[in-house]
Amino acid sequence: MQRQGAGITITQHILKQQRENPVATGAFTTLLNELIVAAKVISREVNKAGLVDILGSTGKINVQEEKVQKLDVFSNQIIIERMQHIGQLWCMGSEEDPDLIDIPPRFPKGDYILVFDPLDGSSNIDVNVSIGTIFGIYKRKSISSGSEPLLDDILQPGINQVAAGYFIYGSSTIMVYTTGKNTGVHGFTLFPSLGEFLLSHESIRIPEQGKIYSVNEGYHSYWDEKTRALVNHFKNSGKKTGHSYTARYVGSLVADFHRNLLKGGIFMYPADSKDPKKPTGKLRLMVEANPLAMVIKEAGGYASDGHGPILDIDPTELHQRVPLYIGSKKDVELAEAFISGKRTESS
Ligand code: P6P
């Protein structure tokens, strides 16, 4: 464990990457640093949430007399308010907002685009389960002629992301991010007493095959036969192949993803027939699947929609949903073989 005060701060790490990038202007560094400030504010509120519930119910301590907002709405506002004034963004897209988020005319615009899920898994707060902020960063497609951002600016395949990552608010607050191009995936732990994220997980690599499968088996009756065969494979793998798996499912994407990233394994959110409005599952391409797909690819893993790379999908809507199979390369490739029909339970 790092001695408090020792260790590389996230700011030092980002500046080092900036120095190693000949075309870097510092704009990206400014953007990432401001996002980190927003995450520190969210972390503080998330960690207080349980307390507020306890204190609020007794009424013994006044919670600043502010209407306690839903934390995901609060987190969304914090990110938008902090990011819109730095002069580095062309526009933003959030899981919480139906449409594109413009930069107010009083602030300068920049050439980056930020897409994010401000607080994924927020329904888990009151049971003290880890939750997270997921983000992806793009450059504007081209210096479009108009001065107003268009949805088309945001609807880019995940392979175009220049950076992606997440903050996980759990027993500690950790930031994991990558800028791609073989720069690696790195994790930083927040030291509240310092108010700094210090490098704690350098050059994370996911094992090529894992021993964990993560899926909500409560949906079994809503899956198609290929999905059932795939999940049965993981359940019976020990007897059939000698390589056994254990089931782990937190129900918070960032928590399940982070555990599998560090230990190996596969997270699956298959298409299901439970909600006719969400035939491809509930996870969103732009603000959940794509950022995590960039991280996992850079860590040596893979992310698929069951038929091909998540990062290659050309988005048609800001909030389109995709089935997601993400984690250890061998496990996800096996999932793809089952879902695309190339492999069956018996083979
Ligand atoms: P289910 C949380 O609500 C979330 O968006 C993800 O964080 C999580 O992976 C998923 O939904 C859990 O969904 O349908 O299994 O409860």
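For the residue pairs K211/K329; K109/K139; K263/K297, the alpha carbons lie no more than 21 Å apart in every case.
Test of understanding: what is the full-extension gain from E20 to N47, defined as 0.36 nm times their sequence separation minus their Cα-Cα distance?
Working: separation 27, 0.36 × 27 = 9.72 nm, distance 3.57 nm.
Between E20 and N47, full extension yields an extra 6.2 nm.
Where the alpha-carbon atoms of segment 263-347 are placed on the principal axes, they occupy 35, 30, 22 Å, in descending order.
Highest first, please rank the peptides 285-293, 93-101 by the mean number of other Cβ atoms sitting within 10 Å of their residues. Walk me through the numbers on the way to the answer.
On the way: 285-293: 27.1, 93-101: 17.7.
Listed from highest to lowest mean packing, they are 285-293, 93-101.
The 1.4 Å probe gives accessible areas that order E208, E196, largest first, as E208, E196. Computed over segment 10-201, the P(r) curve from all C-alpha pair distances, binned at 10 Å from the origin, holds 8, 34, 35, 17, 5, 1 percent per bin.
Note that the chain presents 46 Å² accessible area per residue, ligands and nucleic acids not counted, probe 1.4 Å. Using the Cβ-Cβ distance between H319 and V162 with R0 = 30 Å, the FRET efficiency computed as 1/(1 + (r/R0)^6) comes to roughly 0.85. Note on surface exposure: L199, L15 rank L15, L199 by accessible area, highest first, 1.4 Å probe.
Packing-wise, with mean Cβ within 10 Å as the measure, how do 105-111, 166-172, 320-326 rank, highest first? The partial results should precede the final answer.
On the way: 105-111: 13.1, 166-172: 21.0, 320-326: 24.4.
Per-residue mean Cβ counts within 10 Å order the peptides as 320-326, 166-172, 105-111.
Peptides 251-263, 182-194 ranked from most to least packed give 251-263, 182-194, packing being the mean of other C-beta atoms within 10 angstrom over each peptide's residues. Tally the DSSP beta bridges in segment 10-201 and give the antiparallel ones as a percent, rounded to 5. Roughly 85 percent of the beta bridges in segment 10-201 run antiparallel, per DSSP.
Taken over the C-alpha atoms, the chain has Rg and Dmax values of 20.3, 64 angstrom. Charges were assigned to the Cβ only: +1 to each Lys and Arg, -1 to each Asp and Glu. The resulting dipole of the chain about its Cα centre is roughly 1080 debye.
Secondary-structure-derived ellipticity at 222 nm for the chain, considering helices only, amounts to -10000 deg cm²/dmol, per-run term -39500 (n - 2.57) for DSSP H runs with n ≥ 4.
In plain terms, the chain from N216 to E148 could stretch by 20.3 nm, reckoned as 0.36 nm per residue minus the Cα-Cα distance. Output the 0 to 90 degree angle, nearest 10, between the alpha-carbon long axis of helix 10-19 and the longest principal axis computed from the alpha carbons of the chain. The angle comes out near 90 degrees. H233 exposes around 20 Å² of accessible area when a 1.4 Å probe is run over every protein chain in place. Ordering R82, R19 by accessible surface, largest first, gives R19, R82; the 1.4 Å probe counts only protein heavy atoms, with every chain in place. Segment 266-314 and segment 150-212 have their alpha-carbon centroids 17 Å apart. Relative to the longest principal axis of the Cα atoms of the chain, the long axis of helix 27-58 lies at roughly 80 degrees.
The values are calculated or read from the model by the stated rules, or taken from the named source; none is laboratory data. What you are looking at is a predicted structure, and each value in this text was computed from that prediction instead of being measured. Because the Cβ atoms are built from the backbone with ideal geometry, glycine has one as well, and the counts that use them run over all protein chains shown. Keep in mind that these areas ignore ligands, DNA and RNA; they rest on the heavy atoms of the full protein, side chains included. Shrake-Rupley method; radii C 1.70, N 1.55, O 1.52, S 1.80 Å.
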